[in-house]
Amino acid sequence: MKKAKTRQREINFSSQKCQRIICVNDSAEQEYALKLEADEQVMSYEENVSLDRKNFQYINRIGIRTAYFGIDWKTDFLIRKVNGALAVCELVKPGDLDKVTVLEQLELSRRYWEVTGVTDWKIVLIVRGTDVS
């Protein structure tokens, strides 16, 4: 998860699965998107999905700093599976899991998607250009 309004590098590539140009922000996201392209359980996916702040009112705020509820956020990947289910993946470097701010952001994402009905939520650890789910 990342702030929606920050300037970031853009990597564009064509997705056959999604039938459009995908725009990710780093090589780790591109690698993960390519894995989604090859995954037979994935029908399509969206990258950098903006969270609707209207839904923040339904999120339990305990353990998440109040300022985060006034920020526009984007989730890394919203995935539509072939069985119709939705899933969310947030990509994180293992060293970032020691940072309270990152943990709060991840928890905000998890709670957000839970109140919108998505229960298949996971963190994907990015290790030297590869991921570990």
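Using only the alpha-carbon atoms, how far is helix 100-115 inclined from the longest principal axis of the chain? Give it as 0 to 90 degrees, nearest 10. The angle comes out at about 80 degrees. Highest GNM mean-square fluctuation among Asp98, Asp76, Asp120, for the chain modelled with Cα contacts below 10 Å: Asp98.
Full extension of the chain between Thr119 and Lys35 gives 28.1 nm of extra length, using 0.36 nm per residue less the Cα-Cα distance. Ranked by the mean number of other Cβ atoms within 10 Å of their residues, highest first, the peptides 62-71, 47-56 fall in the order 47-56, 62-71. Per-residue ellipticity at 222 nm computed for the chain from its helices equals -7000 deg cm²/dmol, with DSSP H segments shorter than 4 residues left out and the rest contributing -39,500 (n - 2.57). Residue-wise HN-Hα couplings along segment 35-51, as the Karplus relation 6.51 cos²θ - 1.76 cosθ + 1.60 with θ = phi - 60° gives them from phi, are 5, 5, 4, 8, 7, 5, 7, 9, 7, 7, 7, 10, 9, 6, 7, 5, 7 Hz; Gly and Pro carry x. A crude spin-label estimate for the pair Val100 and Asp72, with each label 7 Å from Cα along the Cβ direction, gives 2.9 nm. For Tyr45, the residues whose modelled amide H falls within less than 5 Å of its own, excluding neighbours fewer than 5 places apart on the same chain, are Arg80.
Highest GNM mean-square fluctuation among Glu40, Glu90, Glu29, for the chain modelled with Cα contacts below 10 Å: Glu40. For Cys23, Cys89, the sequence from fewest to most other C-beta atoms within 10 Å is Cys23, Cys89.
Across the chain, how many lysine pairs, 8 or more apart or on two chains, come within less than 20 Å at their alpha-carbon atoms? Close lysine pairs found across the chain: 24. The H on the amide N of Ala4, modeled in the peptide plane, is under 5 Å from the matching H of Asp72, Trp73, Lys74, each at least 5 residues off or on a different chain. Taking θ as phi - 60° and the Karplus parameters 6.51, -1.76 and 1.60, the scalar couplings of segment 75-81 work out to 8, 5, 9, 10, 10, 9, 8 Hz in sequence order, x denoting glycine and proline.
Where a number appears in this text, it was derived from the coordinates with a stated rule and is not lab data. Remember, predicted model here, so these are calculated numbers, not experimental data. Positions of Cβ are backbone-derived with ideal geometry, glycine not excepted, and every protein chain shown enters the neighbour counts.
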